[in-house]
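Read through the structure below, which is laid out as structure tokens, and then see the notes.
Values quoted throughout were computed directly from the atomic coordinates according to the rules given, and no laboratory measurement underlies them. Given the structure is predicted, the values throughout are model-derived calculations rather than measurements. So basically every Cβ, Gly included, is an ideal-geometry build from the backbone, and we count neighbours across all protein chains shown.
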Amino acid sequence: MAWQNFFKKTKKYLQIVGSPKDFYFYSKSIFRYHEVSFSQEGEDRIIERIFENKNHGFYVDVGAHHPQRFSNTYKFYLKGWHGINIDAMPGSMDLFKVIRPRDINLEIAIAKESGSLAYYIYNEPALNTFSKATHEQRLQSVSFSQRYHLLKQNEVKALPLSDVLDSYLPKDQDIDFMSVDVEGLDYDVLISNNWDKYRPKVVIAEELNLVSIASALDLPIAKFLSQKGYTLFAKTVNSLIFKVRSESAKG
């Protein structure tokens, strides 16, 4: 409605006037060539190409971290999509509920089976992990220790992804893409899904031990998803992007 648009514009004007240092100003002739990405490595731009002209869809984001920062799904939320965001960080969903109210926002840990896991929490939340091996590897890195440190270690209850989707995925809802980024335990998250029941068209998974592009297909994540009917389609520095094979291409 006209009055709602007027209110939004007035509110934005007052924000700019009140705190101009918090805003960038561009001429439209420059801004028209900008392509916005919220992902850490541009994964959302690749996914956007796959789902060109699709203004409504559904995603599942495991290890969502933040509603905007390093998000593989926020660009799609702005386009009109919605989905499920999952993160184990205590209090992480408070901001999701404010910025992304259309989504289902869950503060839950995901593991290959139900139980308790040690959760390593750092001064950089994007690095939080359940992987003891990843944590111990970081302790051996001088460059890592100079910038980051462990704040605390919590015991957190965890569930398989299949159980969470059984409980929270809306009835008859297809999943367009799933993003998994849990700092070293992406494989455990993937094997905890029921792939006969929940089959996203695209899967993004983080792989921190990729040596070369040629070796990507030999990684456990790639082999597992290949068995489930997916093909490696693209990659960034630390992310592998898979597309489901058509029925005729399986075998």
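Helices meeting the span-like rule in the chain (full DSSP H runs, Cα extent of at least 20 Å along the helix axis, mean Kyte-Doolittle score of -1.0 or higher): 2-18. Contact order, relative form, for segment 2-249: 15 percent (alpha carbon pairs under 8 Å, 6 or more residues apart, mean separation divided by residue count).
The convex hull defined by the C-alpha atoms of the chain has an orientation-averaged projected area of 17.2 nm². The sum of -39500 (n - 2.57) across all DSSP H runs of n ≥ 4, divided by the residue count of the chain, sets its helix-only mean residue ellipticity at 222 nm to -8000 deg cm²/dmol. DSSP bridge analysis restricted to segment 2-249 gives an antiparallel fraction near 50%, rounded to the nearest 5. Residues K228, K152, arranged from fewest to most other Cβ atoms within 10 angstrom of their Cβ, appear as K152, K228. The 3J(HN,Hα) values that the Karplus relation (6.51, -1.76, 1.60; θ = phi - 60°) gives for segment 88-102 are, in residue order, 8, 4, x, x, 5, 7, 4, 6, 4, 5, 7, 7, 10, x, 6 Hz. Gly and Pro appear as x. By other beta-carbon atoms within 10 Å, ranking F233, F70 with the fewest at the front produces F233, F70.
3J(HN,Hα) couplings calculated from phi for segment 234-245 with the Karplus curve 6.51 cos²θ - 1.76 cosθ + 1.60 (θ = phi - 60°) are, in sequence order, 7, 8, 10, 4, 10, 10, 10, 10, 10, 10, 5, 6 Hz; Gly and Pro show x. The H on the amide N of V60, modeled in the peptide plane, is under 5 Å from the matching H of I84, F177, M178, S179, each at least 5 residues off or on a different chain.
In summary, the aspartates and glutamates within cross-link reach of K132, defined as a Cα separation below 19 angstrom excluding same-chain residues under 8 places away, comprise D87, E113, E124, E155, D181, E183, D186, D188, E206, E207.
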